[in-house]
């Protein structure tokens, strides 16, 4: 007990010294250690709250700097730290409402005939789906699990006009290869081999509005919506897309009608689910199959029906992603052109 008390007094005393030197972040750590040792001590509680309020304001300044530099993930992390340190700091509360957290997911099934030599000789091979985002020039990657083909990745948007959410499109499907690993050094060269390459589809026109942005409706469970999906009987044929497809979209009564210059629209998602109350969005690309023609060695893809074998049942089991699995009002469904 004597040693425990001495430890508490040490952390508190150390925190006071750091506070006098205006080293608030370090002081908060010491006060927190003192508080952990004795959560009932009023001096420890008051000191920790005092230091946390100062650190919250310091983090908010850093948040603004990162935001100006468009380092969104670093900015958002600082904002969350400030919110945790001082939940009553109103500027932080106001800023959090401006952010939209986005989950992008889908499933890709592969039909491999053979690997090229440069793939088979790689030190590390990862199947990847690349996604274009509303941030100009930004592409994010989701690793495709080999066992079940599911990929998912999270994104952050700051004060996005809802029309910009139309810019989530499929960029490419391929493999990330790492070469050059030795016993003395880590990976030295990374290469991305594209099987399917849309690059950046060009959205020429958006007609209509996505919705009224209402948040008062009761949240619905996405898994209940999935049981109502009716897909066409035929999933279509494999095709090899060209890069930079041009397309237009028209939004009518909960549907997004896509028109392209190729009469195929697999680069768009299948559904958008909005949870405006909690500032979250789920972008569902559905299911794909990627296949290499044994004669031409060219890769093609086609979209598979969801109604027959929905991957969402597996994704639903990821507890960390559960906040994304609720939505308001209607689901926005992409209606895509089909072959013929």
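The values are calculated or read from the model by the stated rules, or taken from the named source; none is laboratory data. Computed from a predicted structure; not experimentally measured. Quick reminder, even Gly has a Cβ in these numbers, built from the backbone with ideal geometry, and neighbours come from all protein chains shown.
What the table below lists for this structure:
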| quantity | calculated |
| --- | --- |
| Residue within region 293-307 that is touching a helix residue (DSSP H, G or I) at 6+ places or on another chain (Cβ under 6 Å), assigned to a loop (DSSP other than H, G, I, E, B) and closer than 26 Å to residue 111 by Cβ present | no |
| Number of the exception - residue 161 against (1) buried (at least 16 other Cβ atoms within 10 Å of the Cβ); (2) modelled with pLDDT of 80 or more | (1) |
| Answer residue from region 82-103, given it is buried (at least 20 other Cβ atoms within 10 Å of the Cβ) and in a helix (DSSP H, G or I) and is nearest to the chain's Cα centre (by Cα) among those | 95 |
| Some residue of region 259-270 being surrounded by fewer than 14 Cβ atoms within 10 Å (Cβ to Cβ), more than 21 Å from the chain's Cα centre (by Cα) and free of Cβ contacts under 8 Å to residues at least 60 places away in the same chain | yes |
| Hey, residue 314 at pLDDT 90 or above, touching a helix residue (DSSP H, G or I) at 6+ places or on another chain (Cβ under 8 Å), surrounded by fewer than 17 Cβ atoms within 10 Å (Cβ to Cβ) and outside any loop (DSSP other than H, G, I, E, B) or not | no |
| Conditions (1) crowded, with 17+ Cβ neighbours inside 10 Å; (2) within 25 Å of the chain's Cα centre (by Cα); number of the one not met by residue 292 | (2) |
| Close pairs (8 angstrom Cβ cut-off, 6 or more residues apart or separate chains): free of Cβ contacts under 8 Å to residues at least 24 places away in the same chain in region 24-45, outside any helix (DSSP H, G or I) and surrounded by fewer than 22 Cβ atoms within 10 Å (Cβ to Cβ) anywhere | 35/41; 45/39 |
| Residue identified as modelled with pLDDT of 90 or more and either in the same structural domain as residue 131 (by TED's automatic domain parsing) or closer than 16 Å to residue 153 by Cα (or both) among 331, 283 | 283 |
| Total residues in region 133-153, condition surrounded by fewer than 16 Cβ atoms within 10 Å (Cβ to Cβ) and either within 17 Å of residue 321 (Cα to Cα) or over 15 Å from the mean Cα position of the chain (by Cα) (or both) | 7 |
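Conditions (1) in contact with a strand residue (DSSP E or B) (Cβ under 9 Å, 6 or more places away or on another chain); (2) at pLDDT below 85; (3) farther than 16 Å from residue 287 by Cβ; (4) assigned to a strand (DSSP E or B), marked per residue:
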position	(1), (2), (3), (4)
205	yes, no, yes, yes
209	yes, yes, yes, no
214	no, yes, yes, no
224	no, no, yes, no
230	no, no, no, no
234	no, yes, no, no
241	yes, no, yes, no
